[in-house]
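This report concerns only the one structure given below.
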Amino acid sequence: MPAGLGIAALAAGVLMVDMPLVVTAAAVTLLSLGYDMTQPLFAGIVTFLSEKRGGQAMGLNVFTLFVGFGLGSLLFGETLRPGFGAALALFSAVQLGATLAALSLFRFEPPRHSQIGPLR
């Protein structure tokens, strides 16, 4: 998860600079890759919260995902007032902060292949 957040932070930072279209397309692709590297893992983490309430856990996952889409879009729209570059800089900074938090929170997490059964 930290790698996905870091890739998204880097990609958003690259998008702040005026560059050729092919570089912009690559940065947008990396931004998408960063998202794709976090959301399935988030779903996996949420489903391990309760073995007996899988539906409730997935409901929590979907709820947070869509609240994030709505609130994130609203907040990003508000940060566009000073300009697109400033909005991307703020987005990149928030992503970098999330990366550092995830590195701290996941540093003692053992690799999944080393465990038997669900995470506790």
| task | Say whether the condition of being surrounded by 15 or more Cβ atoms within 10 Å (Cβ to Cβ), touching a residue at least 24 places away in the same chain (Cβ under 8 Å), hydroxyl-bearing (Ser, Thr, Tyr) and in contact with a Gly (Cβ under 9 Å, 6 or more places away or on another chain) is met by at least one residue in segment 40-53. | result | no
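Residue check: is residue 75 surrounded by 12 or more Cβ atoms within 10 Å (Cβ to Cβ) and in a helix (DSSP H, G or I)? Give the steps one after another, and end with the answer.
On the way: surrounded by 12 or more Cβ atoms within 10 Å (Cβ to Cβ): yes; in a helix (DSSP H, G or I): yes.
Here the answer is yes, as residue 75 does meet what is asked.
Return the total of residues in segment 20-39 being in a loop (DSSP other than H, G, I, E, B) and surrounded by 13 or more Cβ atoms within 10 Å (Cβ to Cβ).
Residues of segment 20-39 that are in a loop (DSSP other than H, G, I, E, B), as a first pass: 20.
Okay, now just the ones that are also surrounded by 13 or more Cβ atoms within 10 Å (Cβ to Cβ), so none.
Residues flagged as in a loop (DSSP other than H, G, I, E, B) and surrounded by 13 or more Cβ atoms within 10 Å (Cβ to Cβ) within segment 20-39 amount to 0.
Restrict the check to segment 30-53 and report whether at least one residue is hydrophobic (A, V, I, L, M, F, W, C), farther than 22 Å from residue 97 by Cβ and at pLDDT 90 or above. Explain how you work it out, then say what you get.
Let us first name the residues in segment 30-53 that are hydrophobic (A, V, I, L, M, F, W, C), namely 30-31, 33, 37, 41-43, 45-46, 48-49.
After this cut, where a residue has to be farther than 22 Å from residue 97 by Cβ as well, the list is 43, 48-49.
Keeping just the survivors that are at pLDDT 90 or above gives none.
Scanning segment 30-53 turns up no residue that is hydrophobic (A, V, I, L, M, F, W, C), farther than 22 Å from residue 97 by Cβ and at pLDDT 90 or above.
The values are calculated or read from the model by the stated rules, or taken from the named source; none is laboratory data. Treat the numbers as computed from the prediction; the structure is a model and nothing was measured. Cβ coordinates were reconstructed from backbone atoms using ideal geometry, including for glycine residues, and neighbour counts include every protein chain displayed.
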